[in-house]
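A short write-up of the structure that comes next.
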């Protein structure tokens, strides 16, 4: 596609529910990144894929967070047993020298 | 880890004014980028500038890598320049960046 596409754009979950956020990267971009942006803060790195290999997951805040990219294209960020502190915008980005971000998925946990 | 400090945190300008935003790094980086986040949340890359000077229309950026800072210049500001400007840097993979807290710019007509 022409840009990085994320879905859903908005998600409201009750505490304890599982959520899945999808990222469709720019076609041909092998590197894919997930970031978390809390209100009023800059984005924070979560995890990084090169093709289907997850090379860095040092930013994932807990073992409730899981990301995958099984065919080296679409990626899914899954959050299990959501907590209120998980409320944030989740941004996906691909890189070709510079980072190209999607519009983000805004998660609100009630 | 690397700390990124941006100043000023907030800036209000009259349309047509010029401004300079600053970004300081606590340690050297080999990847430095500036972004604009519009009021709808979309992050747009402005510059990839680990060193030197670049210009794109009314925007320009300068990075002095040896002194660990970067500057973003906005000339003849327009209301559409409003939003949050982030700088981000890193030493690892190209997209693993540490972001500052941003400078929130409001341009008044």
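Out of all Cα-Cα pairs in the range B:1-61, roughly what percent, to the nearest whole number, are more than 20 Å apart?
35 percent
First measure r as the distance between the Cβ atoms of residue A:10 and residue A:68, then evaluate 1/(1 + (r/R0)^6) with R0 = 22 Å and state the FRET efficiency to the nearest 0.05.
It comes out at approximately 0.50.
To the nearest 0.05, how large is the calculated FRET efficiency for residue A:22 and residue B:28 if R₀ is 30 Å and r is the Cβ-Cβ distance?
With a Förster radius of 30 Å, E is 0.25.
Please compute one quarter of the surface area of the Cα convex hull for the range A:52-110 and express it in square nanometres.
Mean projected area for the range A:52-110: 4.7 nm², to one decimal.
Stick to the Cα atoms of the protein assembly as shown, pair each with every other, and give me the Kirkwood hydrodynamic radius in Å at one decimal.
Here the Kirkwood hydrodynamic radius works out to 17.8 Å.
Compute log10 of I(q)/I(0) for chain A with the Debye formula, placing one identical point scatterer on every Cα and leaving out solvent, at q = 0.19, 0.21 Å⁻¹, to two decimals.
-0.91, -1.11
For a paramagnetic label modelled at 7 Å from the Cα of residue B:18 toward its Cβ, which residues of the range B:60-78 fall within the zone defined by backbone nitrogen distances under 20 Å?
B:60-64, B:70-78
Could you give P(r) for chain B, binned at 10 Å from zero, as whole percent values over all Cα-Cα pairs?
Final binned percentages: 16, 50, 28, 5, 0.
Values in this text are rule-based calculations from the coordinates and carry no lab data. Everything numeric here is computed off the predicted structure, so don't read it as measured data. We place every Cβ from the backbone using ideal geometry, glycine too, and count neighbours over all the protein chains shown.
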